[in-house]
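Asks: The structure that follows is given in the form of structure tokens.
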Amino acid sequence: MSTFFKADASEFLAHGHQRIALGVAYNGRHYHGWQRQPHGHISVQEKLEDALTKVANEPIKVMCAGRTDAGVHASAQVVHFDTLAQRPLRAWTHGGNMNLPDDVAIQWAHPVGEKFHARFAASARRYRYVIYNHPMRPALMDKEVSWNYRPLDVNQMQTAADYLLGTHDFSSFRASACQANNPIRTIHHLNVVAAGNYIVLDVRANAFLQHMIRNLAGLLMKVGTGEAAPEWALEVLMAKDRGVNAATAPPYGLYFVDAEYDTSFGLPKGPLGPHFLVPWMNA
């Protein structure tokens, strides 16, 4: 039985503080990733913390469910922060958004208990990598999708993806600079879905290594073009060597679309994004 419980905000008011969870969406094209950066590089975390600090009139630090790289987007990032400021939930959403740039938006705010942690309480994370598969590049979706002009065979890609399901050492799919202590991860599903001119790699796992999904995407696109057989995915996985894998796919087609938590926390849920895929993909 789960040890989590649904937070009563009044419990934390008695101790002079409360913990708030937020749902956040952002277009990552102009940011050096989620995490606050040195040397003046702009990050999503910096913009969000600065906006919330203005609302709270005190310094706010946030923790996210999954850090995203430069150029990567999110339709449903989850963060939390602790604050002494007593504000209605509307102040965190509307007030926060008034102080955010147009490409970052708070979607909801919800009081949670001290047992909630955006990163450590998440049981799974889900991303979608969106490929625009068309001979001509997509001017109106520039930096919002990945583009591959070669016809991609979805069935071959899915066959390759199936070799990667389960718990494995994903050293062949991690960045050389990845700081994770353990390369073992569990992929719960990796579905290759055709949606109009888009091909979507929908992947859910307990956690991800740095560049793991982009390296998965690079491998699957190489299989999709016929440059490699689906069985090559298993060879790459078993090699535990990043050098044998395909090139890393661009960041722009990658979206953080869900973080899963015990339902007792009562966090709001909406359709999985990104928004332009909702007519095709609602599950």
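The values are calculated or read from the model by the stated rules, or taken from the named source; none is laboratory data. Owing to the predicted nature of the structure, the values given are computational and were not obtained by experimental measurement. Don't worry about glycine lacking a Cβ; one is built from the backbone with ideal geometry, like all the others, and counts go over all protein chains shown.
Asks: Within segment 260-282, can one find any residue that is surrounded by 20 or more Cβ atoms within 10 Å (Cβ to Cβ), within 22 Å of V145 (Cα to Cα) and modelled with pLDDT of 95 or more?
Replies: no
Residue by residue, here is whether (1) within 24 Å of D262 (Cβ to Cβ); (2) in a loop (DSSP other than H, G, I, E, B); (3) of a type in the set (A, V, I, L, M) holds:
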| residue | (1), (2), (3) |
| --- | --- |
| P38 | no, yes, no |
| E46 | no, no, no |
| L52 | no, no, yes |
| A70 | no, yes, yes |
| A74 | yes, no, yes |
| D82 | yes, no, no |
| Q86 | no, yes, no |
| R90 | no, no, no |
| T93 | yes, no, no |
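Asks: Do we find a residue being within 26 Å of R214 (Cα to Cα), buried (at least 19 other Cβ atoms within 10 Å of the Cβ) and touching a strand residue (DSSP E or B) at 6+ places or on another chain (Cβ under 7 Å) anywhere in segment 79-97?
Replies: Quick first cut of segment 79-97, residues within 26 Å of R214 (Cα to Cα) only: 79.
Filter once more, keeping what is buried (at least 19 other Cβ atoms within 10 Å of the Cβ): 79.
Next cut, touching a strand residue (DSSP E or B) at 6+ places or on another chain (Cβ under 7 Å) only: 79.
So far as segment 79-97 goes, yes, one or more of its residues are within 26 Å of R214 (Cα to Cα), buried (at least 19 other Cβ atoms within 10 Å of the Cβ) and touching a strand residue (DSSP E or B) at 6+ places or on another chain (Cβ under 7 Å).
Asks: Okay, next question. For segment 15-55: of the residues being in contact with a Gly (Cβ under 9 Å, 6 or more places away or on another chain) and of a type in the set (G, A, S), which is nearest to V145 (Cα to Cα)?
Replies: So, considering only residues that are in contact with a Gly (Cβ under 9 Å, 6 or more places away or on another chain) and of a type in the set (G, A, S), the one nearest to V145 (Cα to Cα) is G28.
Asks: Of the residues in segment 54-66, how many are under 30 Å from A124 (Cα atoms) and either more than 25 Å from the chain's Cα centre (by Cα) or in a loop (DSSP other than H, G, I, E, B) (or both)?
Replies: Of segment 54-66, the ones under 30 Å from A124 (Cα atoms) are 59-66.
This time we only want the ones that are either more than 25 Å from the chain's Cα centre (by Cα) or in a loop (DSSP other than H, G, I, E, B) (or both), so: 59-62, 65-66.
Count: 6.
Asks: If you check A175, A161, which single one turns out to be within 16 Å of R126 (Cβ to Cβ) and touching a residue at least 60 places away in the same chain (Cβ under 8 Å)?
Replies: Within the list A175, A161, the selection yields A161.
Asks: Tell me, which residue of segment 205-256 that is part of a loop (DSSP other than H, G, I, E, B) and aromatic (F, W, Y) is farthest from the chain's Cα centre (by Cα)?
Replies: Start the filter on segment 205-256 by keeping residues that are part of a loop (DSSP other than H, G, I, E, B), which leaves 206-211, 225-231, 240-241, 245-253.
Now narrow it down to the ones that are aromatic (F, W, Y): 208, 252.
On the way: F208: 10, Y252: 12 Å.
Only one residue tops the list, namely Y252.
Asks: Then there's this: If you scan segment 140-188, which residues turn out to be of a type in the set (F, W, Y) and farther than 22 Å from P250 by Cβ?
Replies: First, the residues of segment 140-188 that are of a type in the set (F, W, Y): 147, 149, 163, 170, 173.
Correct list: Y163 only.
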